[in-house]
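Here's the structure we're looking at; comments come further down.
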Amino acid sequence: MRRPAKRSSSKLSADSQHLVTFAQAIAQASSRLEERAWLKPLDALLNKLLRAGNQGLIDTALDHLFKADLDAYDVLIEAVEAGSEATTLEHDGQDYDVQLLVLPVLAWTRFAIASGPIAGDLQNAIAAHLHAHILAKDARLALAPSLFSIEQLPRMHADVFALTRQMGQSALKNAPVQLRGEQPPTAAFLADTRYAIAAVVVPAGGALFHWQESEQQSHFSANKTAAFDAWTQQVTPIFTRLLPGCNVELLLPQAYFFGCREADKHIRPASIRAADYFLTQTLDIASSELHASIGGFSEDINGQIDEYRIGFSIGNDPTVVYGTVWPLYEQESGEDLPMMIPGGAGLLEGLPASPLQQILATLRECGIVQIKHHSERFTMEFCDDCGAPLFPDREGELVHAEMPEDTPPPVEHFH
């Protein structure tokens, strides 16, 4: 996934320069055979750097390509992610492939969203359903004994690589996963994602998932859908126990980085549903009394939209009482559509929904029909005192969201 450069360097080290060269060669390759030939030294060098924990050399190469060659940057970041979330281990004279997975759970509530240890019986139940519905028959599994927020997941590629190897060894030895260090506290959101982490180990070259197995290949799409349906039906009650007081929605277990990105995208409509639930329950109002003001925001006023911000007000009072942010990822782009008529026509037939259309659809599903989309572009502005984002009101002014003074105090925990 593309990210802004964090640092600059006037001169690349030898290893960073090699990463740059290999990535550019792959980006410019004219055949799959040529790509494969360049991938071998790239993967070997990345494995050496990740094993040694040399994150800085990898970051330097990524930062250089982000500014100089975006096609090669995409090649390198894909290789770095693949090389850190998967590896090969030797055990009893045989090679095994290891893939790190996340099991994302979307949660929204009026209360605090839990994280932390998973009881042993629930770990066993999750593992049993992974084997029953998701994993190939020869797969071995290690499950981390904790439920993580996004802040608690390893972010550096070298740290992900170390976790992949550690959990892979646990799976091969059928040993419990021992987490290292204390987890940082979680941020308080009405809607957030929680993750279980698993390592799947199979004989080198073997199938990871049951829909990859030979007898399943001709119907892999239908079998994958059926696996997800079974996973959702059987495992949702388990995560409901882990996240008391929360509405939960499960996503399909996926490779580490892909799964995290998918969860980032899917939590966005949940944040709108959480805002609607919080405001209607806290202020004792109906969804139809809420008014939503939508604005597109950009780092550069002339650049593409980076996120939408939605400010909520009540009835005839224009005061913004709450706001939520809908960030855009990867190839998504904002659309400057005209102001939508409340309760108007739905999405265009046969076309994929744009981010703005998804926002409108989610608001209407909640019963919010008083909607104003401001066509002008806003710059990213935040409160000078607390750093909170500013949200558009009905007139297009950027304001701080403030709940009414007589609002009951929030309930922090569900009992």
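Can Ile113 be described as under 19 Å from Gln254 (Cβ atoms) and β-branched (Val, Ile, Thr)?
no
Condition first: among the polar types (S, T, N, Q) and either open to solvent by 30 Å² or more (accessible area, probe 1.4 Å) or at pLDDT below 90 (or both). Now tell me which residues in region 298-331 satisfy that.
Asn302, Gln304, Asn316, Thr319, Gln331
Quick check on my filter: what residues within region 127-148 are surrounded by 21 or more Cβ atoms within 10 Å (Cβ to Cβ) and within 21 Å of the chain's Cα centre (by Cα)?
Answer for region 127-148, where residues must be surrounded by 21 or more Cβ atoms within 10 Å (Cβ to Cβ) and within 21 Å of the chain's Cα centre (by Cα): Leu130, Ile134, Leu143, Ala144, Leu147.
Return the pair list, or none, for Cβ contacts closer than 7 Å from residues in region 25-54 that are touching a residue at least 12 places away in the same chain (Cβ under 8 Å) and open to solvent by less than 60 Å² (accessible area, probe 1.4 Å) to residues that are among the charged types (D, E, K, R) and assigned to a helix (DSSP H, G or I), at least 6 apart or on different chains.
Ile26/Glu35; Ala27/Asp71; Leu45/Asp15; Leu49/Asp15
Would you say Ile301 is in a loop (DSSP other than H, G, I, E, B) and touching a residue at least 12 places away in the same chain (Cβ under 8 Å)?
In short, yes.
Can you tell me which residue among Val202, Val235, Val177 is part of a loop (DSSP other than H, G, I, E, B) and open to solvent by less than 30 Å² (accessible area, probe 1.4 Å)?
Val177
Looking only at residues that are farther than 25 Å from Gln212 by Cβ and open to solvent by less than 30 Å² (accessible area, probe 1.4 Å) in region 96-126, which one is farthest from the chain's Cα centre (by Cα)?
Out of the qualifying residues, it is Leu122.
The values are calculated or read from the model by the stated rules, or taken from the named source; none is laboratory data. Keep in mind the model is a prediction, meaning the values are calculated, not measured. Note that each Cβ is placed from the backbone with ideal geometry, even for glycine, and that neighbours are counted across all protein chains shown. The protein model used for the area step is the full one, side chains on, heavy atoms only, and it has no ligands, DNA or RNA in it. Shrake-Rupley method; radii C 1.70, N 1.55, O 1.52, S 1.80 Å.
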